[in-house]
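The structure appears below as structure tokens.
The values are calculated or read from the model by the stated rules, or taken from the named source; none is laboratory data. Owing to the predicted nature of the structure, the values given are computational and were not obtained by experimental measurement. Quick reminder, even Gly has a Cβ in these numbers, built from the backbone with ideal geometry, and neighbours come from all protein chains shown.
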Amino acid sequence: MRLVVVTALALLLLCPSAALSAGPSYVAQGGLGVLSHDGKHRFVAVSTGGGTAIERVAVRGGAVSGWATLDGEWGIPQPTMRPGRLEGLTRDGRQLVVGSVGSGYPTKCAVIRTRDLRVDYRFELAGSFAYDALSPDGKTLYLTQYVDQDNTSHYVVRAYDLEHGRLLPGRIADKAQKSWVMTGFATTRTTSDDGRWVYTLFMRPGGYPFVHALDTVGGVAHCIGLPWTGDQGPLMRMRMTLTDDGSKLVLNRGTGEGWLAIDAGTWRITHAQAASSGFAWRWPLVGVSALALVAAAALLARRRANAHEEALPQPL
């Protein structure tokens, strides 16, 4: 996959001592693109030289069944540094949001219908913005706005009303922690089953890493600082999952070892081993063990009965 901007991951690999710079245009061209909800197609941005084709490619066979053509360079949103983690599809799969390439002003966005690959509409924003998330109903687009030209790790989260075509005033912030400054680089994320909550892990050089919990329905956020010291490079390999009931967010190291668990209601942090699974395995295992003991006892009793019968005198 071709990343059309130099990401923080690339800088880490090429020059560990370099200043991190993810850049405001975090989109991708080529590669596998983003998978449709029915799993039958992928939507891939392909540069055509002066323009971009957003192609619909069949997963089986690779046939291109249609494309939308846009002037200039565009890409599929990739909000984290995790390779292949592409987004932009509304929850119903009917629309795809794409963004322009580059850090120049204005930022351009387009909404494309996936059925016939027609551009529903385009809009421009005065400033440096990048895709962050979509609300489940597809009416609100969340964006990260880069507010410091000299420090692209510093940004605020904004909301754009897709239904009425306007950038909403104010920023989406943690009201309980008004002094929290959003700085860092998104490494990985996970989303609740209903699409409401988007959890993103951020590495934060010079400070504590954190999880940004975005409520895409209520338009609020919460930042959970994580107890980490030293080199934050290993956070690039961290995985996040939700327990089956969605009550806890579990962070696992790249080795698969559990690290931390975060309560999705209270934001309380505990050790991951206490909530590494959404299913309480202990009690079923106790039940299985008990059944095994009962079966073993029954088998032993049967063998003893057979042995006793063989020891009795047999009739002539």
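Within segment 92-124, which residues are in a strand (DSSP E or B) and more than 15 Å from Trp74 (Cα to Cα)?
Gln95, Arg113, Asp120
Of the residues Leu20, Leu9, which is assigned to a helix (DSSP H, G or I), at pLDDT below 80 and either out of contact with any helix residue (DSSP H, G or I) (no Cβ under 7 Å at 6 or more places or on another chain) or closer than 19 Å to Ala130 by Cβ (or both)?
After applying the criteria, what remains is Leu9.
Answer yes if at least one residue in segment 183-195 is over 24 Å from Gly93 (Cβ atoms), not assigned by TED's automatic domain parsing to the domain that holds Arg82 and not hydroxyl-bearing (Ser, Thr, Tyr), and no otherwise. Break it down stepwise before answering.
Step one: filter segment 183-195 for residues over 24 Å from Gly93 (Cβ atoms), giving 183-185, 187.
Next, only the ones that are not assigned by TED's automatic domain parsing to the domain that holds Arg82 stay: 183-185, 187.
Right, trim to not hydroxyl-bearing (Ser, Thr, Tyr) and you get 184-185.
Yes: one or more hits.
Restricting to segment 30-79, count the residues that are under 22 Å from the mean Cα position of the chain (by Cα) and among the small types (Gly, Ala, Ser).
Total meeting the criteria: 7.
Answer yes if at least one residue in segment 69-89 is outside any strand (DSSP E or B), at pLDDT 95 or above and over 25 Å from Thr140 (Cα atoms), and no otherwise.
Within segment 69-89, none of the residues are outside any strand (DSSP E or B), at pLDDT 95 or above and over 25 Å from Thr140 (Cα atoms).
Give just the number: which of (1) at pLDDT below 95; (2) buried (at least 16 other Cβ atoms within 10 Å of the Cβ); (3) at positive phi does Thr144 not satisfy?
The one condition Thr144 does not meet is (3).
Residue check, Arg60 against (1) touching a strand residue (DSSP E or B) at 6+ places or on another chain (Cβ under 9 Å); (2) in a loop (DSSP other than H, G, I, E, B); (3) modelled with pLDDT of 95 or more, all met but one. Which one?
(1)
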